[in-house]
Amino acid sequence: AHNDAVAAANEALNAFIVTTPEIALQAADLVDADREAGKDLGRMAGVPIGMKDLFATRGVQTTAASHILEGFTPQYESTVSHNLWSEGAVMLGKLNLDEFAMGSSNETSHFGNVANPWRRARGDNAKLAPGGSSGGSSASVAARIAAAATGTDTGGSIRQPAAFTGICGIKPTYGRCSRWGTVAFASSLDQAGPMARSVEDCAIMLEAMAGFDAKDSTSLDAPVPDWSAALDADLKGKRVGIPREYRMEGTDQAILDLWDKGADMLRDAGAQIVDISLPHTKYALPAYYIVAPAEASSNLARYDGVRYGLRDLPEGANLQDMYAATRADGFGEEVKRRILIGTYVLSAGFYDAYYTQAMKVRTLVQRDFAEAWHDCDVVLTPTTPTAAFALGDKSDDPLAMYLNDVFAVPASLAGLPAMSVPGGQDADGLPLGLHLIGQQMDEQGVLNAALAIE
Ligand code: GLN
């Protein structure tokens with residue numbers, strides 16, 4: 001049924017880059033056989049999911065939505081996808097995304113835009129962005145053609161698309177999910193997580209995805225808790241922090257109202273609401289847009305026309321010419337912009353002025369949170385400053401696009417677990433997300449508060 005739903009809807013949504021109906025049926029048959037044989041079934045047994053095309057899947061093209069990886073078929077499986085298959089999950093196909101996960105609208109994909117299944121209930125009926133970079137993930141789950149999807153979040157790419165499409169998504173603590181076999185964007189920030197219809201689905205799927213992995217040097221060596229079993233929407237004794245610095249200019253009134261409503265819901269669930277201060281919040285976004293491109297420029301050096309995918313070899317070309325031709329042709333505009341910014345801030349003359357400074361800001365943002373945890377257990381903010389915007393609205397204005405991540409990025413810099421949960425709608429009927437940030441390794445606190453809102 002899900003294969004059929006994907007086939008019927010994908011032309012309009014463009015959520016999948018490739019579909020894998022045969023693989024899905026084979027995997028489903030294996031689950032059936034295990035069930036008939038009376039074997040223990042995994043926690044994702046038979047659940048049809050979409051896989052963001054940033055995770056290497058053995059024998060199935062993996063592109064990161066880039067021309068430079070077109071035709072690349074890995075001989076290995078990412079740890080996260082491997083973990084999901086071990087728990088019985090079934091792959092429907094590889095999901096569209098912003099090229100190398102760089103973007104907030106899925107418009108930088110070499111394989112074209114993804115359409116948000118939501119439209120405004122009144123006025124302008126333009127197609128809306130599904131958010132990014134996990135735009136195929138958010139659209140496929142919101143359209144109910146996948147039961148759930150994997151996402152990755154470097155600076156908001158699980159949470160912002162979840163908010164734009166009315167679904168749930170959690171970025172766990174940095175290191176919870178292995179990065180092995182996931183195409184790298186900014187290694188000190190990249191973190192995989194689930195995107196699903198409910199808080200409980202996210203908890204179950206995260207249990208399947210997470211776990212220590214010796215193949216990732218920054219993997220968290222800690223047991224994976226049974227989050228779904230411990231879900232509890234009773235927040236008695238919990239303190240929820242409202243950071244005053246997140247009241248920013250340019251935030252829609254509907255979002256500010258939603259934030260108040262979210263605080264009321266948590267109060268009704270028994271929590272105490274406290275005002276807190278995260279003083280370096282306004283420096284987080286500029287710092288992120290130095291650190292992330294810096295790491296990206298280094299990570300993307302490997303796409304040289306030799307090791308993966310595309311190779312452009314002009315007549316009479318030498319090695320340098322081949323690098324230049326392949327990279328000029330293979331990378332899109334936004335990716336090139338990040339490489340230029342990244343190499344610039346890492347260059348000898350500017351390293352201290354930009355990169356070192358950004359790393360200091362990163363430490364200050366981490367300390368802000370460490371300080372805040374004396375006064376609260378979890379932090380509540382909006383996920384995004386606006387509801388989903390129209391496709392094309394921001395694609396010519398990188399700064400306007402980057403501003404979308406303003407609420408998401410501090411938790412990324414600090415490596416903290418954070419989740420978007422649907423909180424309400426704006427006047428046009430578009431979904432709005434609330435954002436919960438938790439302490440290091442306290443996914444449970446985040447999930448429980450999200451459950452109280454859901
Ligand atoms: N939108 C942010 C960026 O473009 C975050 C992307 C992400 O989390 N992968 O960098």
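Derivation of every value follows stated rules applied to the coordinates shown; laboratory data play no part. Remember, it's a predicted structure, so these values are computed and weren't measured experimentally. Note that we place each Cβ from the backbone using ideal geometry, even for glycine, and neighbour counts take in every protein chain shown.
Data table
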quantity: Descending Cα extents along the principal axes, the range 103-158, whole Å; calculated: 34, 25, 21
quantity: Mean shadow area of the range 170-288, taken as a quarter of the surface of its Cα convex hull (nm²); calculated: 9.6 nm²
quantity: Rounded to 5, percent antiparallel among DSSP beta bridges of the chain; calculated: 65 percent
quantity: Charged-residue dipole, Cβ positions (Lys, Arg, Asp, Glu), the chain about Cα centre, Debye nearest 20; calculated: 440 debye
quantity: Histogram of C-alpha separations across the range 186-230, 10 Å bin width, %; calculated: 26, 48, 25, 1
quantity: The chain: calculated mean residue ellipticity at 222 nm from DSSP helix runs of at least 4, using -39500 (n - 2.57); calculated: -11000 deg cm²/dmol
quantity: Calculated P(r) tail over 15 Å for the range 41-99, as whole % of Cα pairs; calculated: 47 percent
quantity: For Ile273, distant residues with modelled amide H under 5 Å away; calculated: Val240
quantity: Kirkwood hydrodynamic radius over Cα pairs of the range 320-454, then Stokes diffusion coefficient at 20 °C and 1.002 mPa s, in µm²/s; calculated: 120 µm²/s
quantity: Average Cα contact separation per residue, the range 1-119, under 8 Å, 6 or more apart, as relative contact order %; calculated: 33 percent
quantity: Residue exposure sequence - Ile453, Ile341, Ile170 - by fewest surrounding Cβ within 10 Å; calculated: Ile341, Ile453, Ile170
quantity: Under the Karplus curve 6.51 cos²θ - 1.76 cosθ + 1.60, θ = phi - 60°, whole-Hz ³J(HN,Hα) for the range 417-432, x wherever Gly or Pro sits; calculated: x, 8, 9, 10, 10, x, x, x, 9, 8, 5, 8, x, 7, x, 10
quantity: Potential lengthening between Thr218 and Lys282 on full extension [0.36 nm per residue; Cα-Cα distance subtracted]; calculated: 20.3 nm
quantity: Alpha carbon convex hull of the range 293-370, volume per residue in cubic angstrom; calculated: 111 Å³
quantity: Computed Kirkwood radius, in angstrom, where 1/r is averaged over Cα pairs of the chain; calculated: 21.9 Å
quantity: Normalised contact order of the range 332-454, rounded percent, pairs of Cα under 8 Å and 6 or more residues apart; calculated: 24 percent
quantity: Candidate aspartates and glutamates - alpha carbon under 17 Å from Lys394, same-chain residues fewer than 8 apart omitted; calculated: Asp98, Glu99, Glu107, Asp124, Asp252, Glu333, Glu334, Asp405
quantity: Euclidean distance of C-alpha centroids, the range 270-304 and the range 172-241, integer Å; calculated: 18 Å
quantity: Measure of compaction for the range 304-346 (Cα Rg per 2.2 N^0.38 Å); calculated: 1.25
quantity: Interatomic Cα distance distribution for the range 241-360, bins of 10 angstrom, percent; calculated: 11, 25, 21, 19, 14, 7, 2, 0
quantity: Ranked list, fewest to most other Cβ atoms within 10 Å of each Cβ, for Phe72, Phe407, Phe164, Phe55; calculated: Phe72, Phe55, Phe407, Phe164
quantity: Cross-link pairs Lys94/Lys215; Lys127/Lys171; Lys127/Lys360 - those with Cα-Cα distance over 29 Å; calculated: Lys127/Lys360
quantity: Rg/Rg_ref, the range 1-146, where Rg_ref = 2.2 N^0.38 Å and atoms are Cα; calculated: 1.08
quantity: Of every Cα-Cα pair in the range 272-325, the percent that sits beyond 15 Å; calculated: 67 percent
quantity: Taking the chain and dividing mean pair separation by its residue count, relative contact order in percent (alpha carbons under 8 Å, at least six apart); calculated: 18 percent
quantity: Inter-label distance, nm, simple model (7 Å from Cα along the C-beta direction), Leu30/Lys261; calculated: 4.3 nm
